[in-house]
Structures are given as C-alpha cells and as structure tokens.
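What follows is a single structure, written as structure tokens, with notes after it.
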Amino acid sequence: MKKPVNNKKSNNIEKDIPEKVILKTELTKQQREEIKEVFDSIDTDNSGFLEINELISAVNSLGLDNNSNEISRIMTSLDLNKDGKVSFDEFISLINVQLVSLSLNID
C-alpha cells in the first residue's frame, strides 16, 4: 500500500529537506554567542524577534540595495512559522542550514 504524499510544507526547514542530505553541524558555544550578538544588533527594539523594518535597517547599514522584493524574500525564508517575525531559533536554524550548504559545496 502506498503512503499518501504530503505536499504541505512544515514550519521546520530541516523537515523539508530530504533526510539523506541533512548533515548536522554543531555550533560551538562561541559561535552561538556570536550569532546571538548579530541577532541582537539587528533586533533594535529588543523584542527578541526580527521584524521587516529591522531587516531593512540592517540591509541599509550594510550598504546593500534596499530592494523590497529581496528583503521580503529574506523575511519569508527566515520566518519559518510564518508569524511575521523571526525568532532567534528561526534565525539560527537558517544559519545552520547555510553552514551545511557551504560545507557540501567545499567538499
């Protein structure tokens, strides 16, 4: 008997990646602290979440093009539970996936 196909995307980016390509990278305590510092520097209202206006400010402070479509795309990719804001856990999940992607490209 065939299992039904579930085309619905989950809120967990790692669940949406086939199991065969998941490589866990453990961040060191220092790396987590550094990532938290970056997160906190973007979270200018100290809400514990990143919102679209804070992402726009971060992009502007880096001197990058303030393309609203690109910023919306970044927000969508970071906001895993689609609540309109990005928690530290969502932020670090994407960092972890990016680290895995980089390690796959290097090898």
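Coordinate-derived values only; no laboratory data. Predicted, not measured: the structure shown is a model, and the values here were computed from it. As a convention, Cβ positions derive from the backbone with ideal geometry for all residues, glycine included, and neighbour counts pool all protein chains shown.
Other residues whose C-beta falls under 15 angstrom from the C-beta of Lys29 contribute a net charge of -2, scoring Lys and Arg +1 and Asp and Glu -1. Between Asp40 and Ser72, the contour length at 0.36 nm per residue exceeds the Cα-Cα span by 9.5 nm.
Normalised by the residues of region 27-106, what does the relative contact order come to in percent, with Cα pairs under 8 Å and at least six apart? Can you show the working numbers first?
On the way: 55 pairs, mean separation 21.5, N = 80.
The normalised contact order for region 27-106 reaches 27 percent.
Treating each Cα of region 27-106 as an identical point scatterer and summing with the Debye formula, the log10 of I(q)/I(0) at q = 0.14, 0.16 Å⁻¹ comes to -0.48, -0.63.
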